[in-house]
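**Q** Have a look at the structure that comes next, please.
The values are calculated or read from the model by the stated rules, or taken from the named source; none is laboratory data. All figures in this text were calculated on a predicted structure; none of them were measured in a lab. Neighbour counts run over all protein chains shown; Cβ positions are idealised from the backbone, glycine included. Keep in mind that these areas ignore ligands, DNA and RNA; they rest on the heavy atoms of the full protein, side chains included. Shrake-Rupley method; radii C 1.70, N 1.55, O 1.52, S 1.80 Å.
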Amino acid sequence: MTKAFSAPGKALLAGGYLVLDPNYDAYVTALSSRMHAVIESDENMTSKHSTLHVLSPQFEEGDWQYKIQNQKLEEINGKRNPFLEATLKTVLSYTQPSSPFNLKVTVFSDPGYHSQNKTTKKVSSNNQKSFLFHELPINDVPKTGLGSSAGLVSVVTAALMSYLEPGSETAIDRLHNLAQIGHCLAQKKTGSGFDVAAAIYGSIKYRRFQPSVVNDVLSILENDPSQFPQELRAVVDKEWKFKHVKCSLPMGVQLLMGDIEGGSETPKMVSKVLQWKKENPNESNQIYDHLNEANNSFMDALEKLNQAQNEEALSDLSKALQEIRKGLKQMTDKAQVPIEPPVQTQLLDRINELDGCLGGVVPGAGGFDAIAVLSIASKADAIKKATVDVPDIYNNVHWVDLQEEADGLKVENVEDYVGLV
C-alpha cells in the first residue's frame, strides 16, 4: 500500500495582487523544486482508534503524531502544525472513514524551498532522490517563498486520499478543491489560490474562483460543525468556475530564481494593498488597468515565442516585463508597501543590463524574498556567473538550483525514497 506523490513550487510571474480578483488573469510557473509525501501503513501502531504519524525527517522536531477518535483529531505530542491539522481535518471530514487505520506519512522537500545553510545531503539507496537535512528545527529554517505550505497540503491530501478512497488520486479536480479548502482553513482566510492550483495542475494561466465557494463551507464549519462533512462533500464534488489553462515557458527562454534571504510577511502586505485599493478607487483602478494590460502583453509575447522565436517577440516580452515592474513600483509608492523595494529595484536594474537578460520581477506579493529573471537560455549561466563574480554589486544574490517544470502533482516511485530515513 506504500505510495508516493510530489507537487511543484511556484513563481507568480504576472498577476501580483491582481490575482486576488476573479476579473484578472495571472501567469504561474511551476518549479522543479517539489514537495514529496510517502504514505504507508504504520506497523508500529496497534490501537482501537485511528492514528496518523507525520514525519519531516529533514528537520529537527519534524514529527507529529495524531489520534483520531469519533472524527476528532488530537496531536498527542502537543505540537502544532496548522497546515497538517487543516489538511487532515478536511480529508477526514470528506472521507468519513468507518474502519480504524494506522498510517505514516513521511514528507520531504527539495532544496529550493529553504535556506541551505547548515545542511547535510542524503541520497536514496537507488541514487534517484537527494535531500538536504537541516541542523535546525523546522520553524527556525528560513523559507525562500516558493509555496512550501501549498505543496505540503497538496501532497498530503493526495497521499491520504489514495489510502482512504483508493483511486481518488487520479481525480485531480477533486484533489484541487480539497487542498484549496484545507489550505484556506489553515490560513484562516481565503487566499487567491494560485499556489495550490500550481501545486496540483503545474504551470498555468490562472483566474481565481469566487471566494464564496470556500468561504461558505468554512463558515458552516465554524457555525454548525455537524453539517460540515455533508456540505464539504457537496462543494468539493461540484465543478468550480475558475481558469487553469496549462502553459509553459517557450523553448530557449529560461527562468532564474534568485534568493536574497530577506523575507517578507505576505499577509500584511496584501492587507495593506487591499486597504489602499478600497480607500483610493480611482488611483488604484488606473494602476490595476495598467498592470492588467502589461500582464496580458507578457502572456501574449510568451504565446508568440511558443509559436516562433524571433527578435520582435523577445522585445515584446522585455517591454511587458518593464511595464509590469513600472505598475508594481507605482503600487509600492501609492500603497506604501515594499512590493518592489529600492534594494530590489537596484538589483533588477543591474541584472537587466547583462547580455541575454530579458527582464525580471519580484514575483508574487513582492518584497525581499526573491527575484525571478527570464533570460535567453544559452546566456543563463553567464548571467549567473557575472553576478557571482561581483557579489556586492548584485546584492549577494543566491541563484536557487531550479528551473521551470511545468508538471503539477504526480505519482512517484516509492523505491526512490528508500534509505533516506
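**Q** Could you tell me how many of the residues in the stretch 21-37 are out of contact with any Pro (no Cβ under 9 Å at 6 or more places or on another chain) and open to solvent by 10 Å² or more (accessible area, probe 1.4 Å)? It would help to see each step written out before you state the result.
**A** Quick first cut of the stretch 21-37, residues out of contact with any Pro (no Cβ under 9 Å at 6 or more places or on another chain) only: 21, 23-28, 36-37.
Then drop every residue that is not open to solvent by 10 Å² or more (accessible area, probe 1.4 Å), which leaves 21, 23-25.
The number of residues fulfilling the criteria is 4.
**Q** Can you confirm whether the stretch 57-69 contains a residue that is in contact with a Leu (Cβ under 9 Å, 6 or more places away or on another chain), assigned to a strand (DSSP E or B) and of a type in the set (A, V, I, L, M)?
**A** Yes, because at least one residue in the stretch 57-69 is in contact with a Leu (Cβ under 9 Å, 6 or more places away or on another chain), assigned to a strand (DSSP E or B) and of a type in the set (A, V, I, L, M).
**Q** Still on this structure: What is the residue count in the stretch 322-337 for residues that are within 10 Å of V273 (Cα to Cα) and either open to solvent by 80 Å² or more (accessible area, probe 1.4 Å) or over 24 Å from the mean Cα position of the chain (by Cα) (or both)?
**A** Let us first name the residues in the stretch 322-337 that are within 10 Å of V273 (Cα to Cα), namely 331-332, 334-337.
So of that shortlist, the ones also either open to solvent by 80 Å² or more (accessible area, probe 1.4 Å) or over 24 Å from the mean Cα position of the chain (by Cα) (or both) come out as 334-336.
Looking only at that region, the number is 3.
**Q** Another question, if that's okay. Specify which of the listed residues (E340, E312, E293, E303) is assigned by the TED database to the domain that holds A365, without any contact (Cβ under 8 Å) to a residue 60 or more places away in the chain, surrounded by 18 or more Cβ atoms within 10 Å (Cβ to Cβ) and of a type in the set (D, E).
**A** On the way: E312 fails: surrounded by 18 or more Cβ atoms within 10 Å (Cβ to Cβ); E293 fails: surrounded by 18 or more Cβ atoms within 10 Å (Cβ to Cβ); E303 fails: surrounded by 18 or more Cβ atoms within 10 Å (Cβ to Cβ).
Testing whether each residue is assigned by the TED database to the domain that holds A365, without any contact (Cβ under 8 Å) to a residue 60 or more places away in the chain, surrounded by 18 or more Cβ atoms within 10 Å (Cβ to Cβ) and of a type in the set (D, E) leaves just E340.
**Q** Let me ask something else about it. Considering only the stretch 57-91, state which residues are in contact with a Ser or Thr (Cβ under 8 Å, 6 or more places away or on another chain) and either among the aromatic types (F, W, Y) or within 24 Å of G112 (Cα to Cα) (or both). It would help to see each step written out before you state the result.
**A** Just the residues of the stretch 57-91 that are in contact with a Ser or Thr (Cβ under 8 Å, 6 or more places away or on another chain), to begin with: 57-58, 62-63, 65-69, 71, 83, 87, 90-91.
Listed by number, the residues that qualify are P57, Q58, G62, D63, Y66, F83, T87.
**Q** Then there is this: Out of the residues in the stretch 277-290 that are without any contact (Cβ under 8 Å) to a residue 24 or more places away in the chain and closer than 10 Å to G327 by Cα, which is surrounded by the fewest Cβ atoms within 10 Å (Cβ to Cβ)?
**A** Across the stretch 277-290, the extreme among qualifying residues is D289.
**Q** If you don't mind, there's one more thing I want to ask. Looking at (1) at pLDDT below 95; (2) touching a Leu at 6+ places or on another chain (Cβ under 9 Å); (3) not aromatic (F, W, Y), which is the one condition that is false for T144?
**A** Going through (1) at pLDDT below 95; (2) touching a Leu at 6+ places or on another chain (Cβ under 9 Å); (3) not aromatic (F, W, Y) one by one, T144 breaks only (2).
**Q** Looking at the stretch 72-117 only, could you name the residues that are of a type in the set (S, T, N, Q) and either at pLDDT 90 or above or crowded, with 21+ Cβ neighbours inside 10 Å (or both)? Give the derivation first.
**A** Narrowing the stretch 72-117 to residues of a type in the set (S, T, N, Q): 77, 81, 87, 90, 93, 95-96, 98-99, 102, 106, 109, 115-117.
Once the filter is applied, which keeps residues that are of a type in the set (S, T, N, Q) and either at pLDDT 90 or above or crowded, with 21+ Cβ neighbours inside 10 Å (or both), the stretch 72-117 yields N81, T87, T90, S93, T95, Q96, N102, T106, S109.
**Q** Another one. Inspect all residues belonging to the stretch 212-229 and state whether any of them is assigned by the TED database to the domain that holds D21, open to solvent by 20 Å² or more (accessible area, probe 1.4 Å) and closer than 16 Å to Y24 by Cβ. Spell out the reasoning first.
**A** Going through the stretch 212-229, the residues assigned by the TED database to the domain that holds D21 turn out to be 212-229.
With open to solvent by 20 Å² or more (accessible area, probe 1.4 Å) added as a condition, the list becomes 212-213, 215-216, 218-227, 229.
Pick out the ones that are also closer than 16 Å to Y24 by Cβ and you get none.
No: zero hits.
**Q** Which residue pairs have Cβ atoms under 9 Å apart, sit 6 or more places apart or on different chains, and have a first residue in the stretch 200-222 that is free of Cβ contacts under 8 Å to residues at least 12 places away in the same chain and a second that is buried (at least 18 other Cβ atoms within 10 Å of the Cβ) and polar (S, T, N, Q)?
**A** Going by the 9 Å Cβ cut-off, the qualifying pairs are S212/T190.
**Q** Having 2 or more residues that are touching a helix residue (DSSP H, G or I) at 6+ places or on another chain (Cβ under 8 Å) and either touching a residue at least 12 places away in the same chain (Cβ under 8 Å) or of a type in the set (D, E) (or both) is the bar; report the strands (runs of 3 or more DSSP E) wholly within the stretch 87-182 that clear it. Write out each step before concluding.
**A** Working: elements: 102-109, 119-123, 130-134.
The strands (runs of 3 or more DSSP E) meeting that bar are 102-109, 130-134.
**Q** Looking at the stretch 183-197, which of the residues that are surrounded by 20 or more Cβ atoms within 10 Å (Cβ to Cβ) and assigned to a loop (DSSP other than H, G, I, E, B) is modelled with the highest pLDDT? Steps first, please.
**A** From the stretch 183-197, those surrounded by 20 or more Cβ atoms within 10 Å (Cβ to Cβ) are 183-186, 190-197; that's our starting set.
Subsequent filtering for residues that are assigned to a loop (DSSP other than H, G, I, E, B) retains 190-193.
Values: T190: 84, G191: 86, S192: 92, G193: 95.
Residue satisfying both the conditions and the ranking: G193.
**Q** Just one of the numbered conditions (1) open to solvent by 60 Å² or more (accessible area, probe 1.4 Å); (2) over 30 Å from D21 (Cβ atoms); (3) of a type in the set (F, W, Y) is not true of Y394; which one?
**A** So the condition that Y394 fails would be (1).
**Q** Name the one entry in A365, A372, A380 that is in a helix (DSSP H, G or I), buried (at least 17 other Cβ atoms within 10 Å of the Cβ) and of a type in the set (G, A, S).
**A** Working: A365 fails: in a helix (DSSP H, G or I); A372 fails: in a helix (DSSP H, G or I).
A380 is the lone residue from the list that is in a helix (DSSP H, G or I), buried (at least 17 other Cβ atoms within 10 Å of the Cβ) and of a type in the set (G, A, S).
**Q** Right, here's the next one. The conditions are (1) in contact with a strand residue (DSSP E or B) (Cβ under 8 Å, 6 or more places away or on another chain); (2) farther than 30 Å from I200 by Cα; (3) open to solvent by 50 Å² or more (accessible area, probe 1.4 Å), and T387 fails exactly one of them. Which is it?
**A** For T387, the exception is condition (3).
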